[in-house]
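Working notes for the structure below.
The values are calculated or read from the model by the stated rules, or taken from the named source; none is laboratory data. None of these values were measured; they are calculated from a predicted model. Reconstructed Cβ throughout: ideal geometry from the backbone, glycine too, with neighbour counts over all protein chains shown. Remember, those area values only see protein heavy atoms, side chains included, never the ligands or the DNA or RNA. Shrake-Rupley method; radii C 1.70, N 1.55, O 1.52, S 1.80 Å.
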Amino acid sequence: MKVFRLDDLEAERAANNGAYLSFLRERNMSAGLYALQAGELDPQTPHQQDEIYLVVSGRAAITVGEETTTVARGSVVYVPAGVPHRFHHVTEDLRVMVVFSPPEA
């Protein structure tokens, strides 16, 4: 078993001055914590893996392919591999748990 505390992950991410912290990598999946500040632009490009985003805190819009919706704490978004996507209109600092399957390259 592996157990992670969100506060510890956020502190590690912030200490490394990065928007993304990869904290788990297994044979069939990987997970990380992604952060965008209010007003910040999301530079993502499509990934080769399926993804699930769980919004831990904050508020933003996300566009996946041609569809756009707003997300906030508790929102879960599935993004198929290869589909363009990005967060935008980040109105509150955003923290998102990301799960990739298969593991992020």
For the chain, the dipole about the Cα centre with charges only on Cβ (Lys and Arg +1, Asp and Glu -1), to the nearest 20 debye, works out at 220
Mean accessible surface per residue for the chain, computed with a 1.4 Å probe while every protein chain stays in place, in Å²:
60
Given a 1.4 Å probe and every protein chain left where it sits, what share in percent of the accessible area of the chain is carbon and sulfur?
54
Report the extension gain between Ala15 and Thr70 in nm, rounded to one decimal, defined as 0.36 nm multiplied by the number of residues separating them, less their alpha carbon distance.
16.9 nm
Expressed as a rounded percentage, what relative contact order does the stretch 50-105 have, with Cα pairs under 8 Å and six or more residues apart?
49
Between Glu92 and Met29, what FRET efficiency comes out of the Förster formula 1/(1 + (r/R0)^6) with R0 = 35 Å and r the beta carbon distance, rounded to 0.05?
0.80
Separation in nanometres of the label points that stand 7 Å from Cα toward Cβ, at Arg5 and Gln48
3.7
